[in-house]
Amino acid sequence: MKFPSQFCLISACVAATLLTGCGRRHSRVLEVDYVSAPQVVLRDQLSQVFNKVGTAKNGDRVEVIDREKRFSRVRMASGVEGWVEQRYLVTQQVYDGFQKLKLDAKALPIEGTASTRNDTNLHVEPGRDTEHLYQLAQGAKVSVLKRATVEKNLPGGGKRNPTAKDATPMEDWWLVRDIQEHVGWVLGRMIDLDVPLEIAQYAEGQRIIAFFELNQVTDGDRKVPQYLVLMSEPKDGMPSDYNQARVFTWNVRKHRYETAYRERGLNGFLPVTIAHENFGKEGDLPIFILRVKDAAGNTLERKYKMNTPIVRRVVSN
């Protein structure tokens, strides 16, 4: 049977339209999200009985192609599709926020290393109610970059009475970088600085905020580091990052650490600069520069040199 050429043309157009429509439906993407849980299961349906069609891990990019109540149907890079709970996903905007944090943190010096006490979320901003994406496992190693303080949330998310006379409780948060180069904010009490035990025992009830190796001395067949340690009162929300600096040098004769220098009452702020400088007859010595604020709020730099075991402030002429 022969068909008129006009009918053939119409049939071809209808077929093309149907194919294009199907293609649009298959490729429809509502938004791009990222997995914020350590691992999530993709299910084939939303009923209580379902089959596992795949898994996605923390940080994976997925395309959201449908939504139903508290679930999203997602497509992974592999093409696998399935349903996951929306609470395990964050938006592209949150992901971009973490990328900006990572970029901005490249220029920040490391103030120390730490380990996580428990499984810990990395937040895009300091605060318990802020968005989080990556999760650190218990015992994960991180580099500590800088500190921030925020108001502590009331239980149940209640609002604090602005007319209350009691001081507003504050919490310390730290910007950290993990070994995968993820950068984010963690609650201060969720990490412990990896301070050597020989130094930590001299904290005298103070909180060690940061520590830095200044140099090393030879004791027999080993090299022993000497440290600058910054401390603060053992509570959150302090107006400065630290208020005390101590230098611990190694006594080669007694084989122990001793306090070579201590300065209290500092209104100190990170970062701290550690370097070496030539002082003529004294030779090449380690130096450190502290940033402190005076009574007027001006930030001043104080430089110190260490000619073991003597530490002195270097005053410009």
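The values are calculated or read from the model by the stated rules, or taken from the named source; none is laboratory data. Worth saying up front: this structure is predicted, and the values here are computed from it rather than measured. Here the Cβ positions follow ideal geometry from the backbone for every residue, glycine too, while neighbour counts run over all protein chains shown. Only protein heavy atoms, including side chains, enter the accessible area calculation; ligands, DNA and RNA are left aside. Shrake-Rupley method; radii C 1.70, N 1.55, O 1.52, S 1.80 Å.
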Members of the stretch 29-64 that are within 24 Å of LEU122 (Cβ to Cβ), open to solvent by 60 Å² or more (accessible area, probe 1.4 Å) and among the hydrophobic types (A, V, I, L, M, F, W, C)
VAL41
Which pairs turn up if I take residues in the stretch 253-268 that are within 13 Å of GLU233 (Cα to Cα) and look for partners that are β-branched (Val, Ile, Thr) and assigned to a strand (DSSP E or B) with beta carbon separation below 8 Å, at least 6 apart in sequence or on another chain?
LEU266/VAL292; ASN267/VAL292; GLY268/VAL292
Any idea how many residues of the stretch 78-92 are within 22 Å of LEU122 (Cβ to Cβ) and part of a loop (DSSP other than H, G, I, E, B)?
0
Residues (out of contact with any Asp or Glu (no Cβ under 9 Å at 6 or more places or on another chain), open to solvent by less than 70 Å² (accessible area, probe 1.4 Å) and in contact (Cβ under 8 Å) with a residue 24 or more places away in the chain) located in the stretch 206-223:
LEU214, ASN215, VAL217, ASP219
Top-ranked residue in the stretch 131-140 [being in a loop (DSSP other than H, G, I, E, B) and among the aliphatic types (A, V, I, L, M); ranked as least open to solvent (accessible area, probe 1.4 Å)]:
ALA140
Quick one: which residue in ARG128, ARG73, ARG67 is in a strand (DSSP E or B), of a type in the set (Lys, Arg), at pLDDT below 95 and open to solvent by 30 Å² or more (accessible area, probe 1.4 Å)?
ARG67
Quick test of your reading of the structure: GLN180 fulfils all but one of (1) assigned to a strand (DSSP E or B); (2) open to solvent by 20 Å² or more (accessible area, probe 1.4 Å). Name the failing condition by number.
(1)
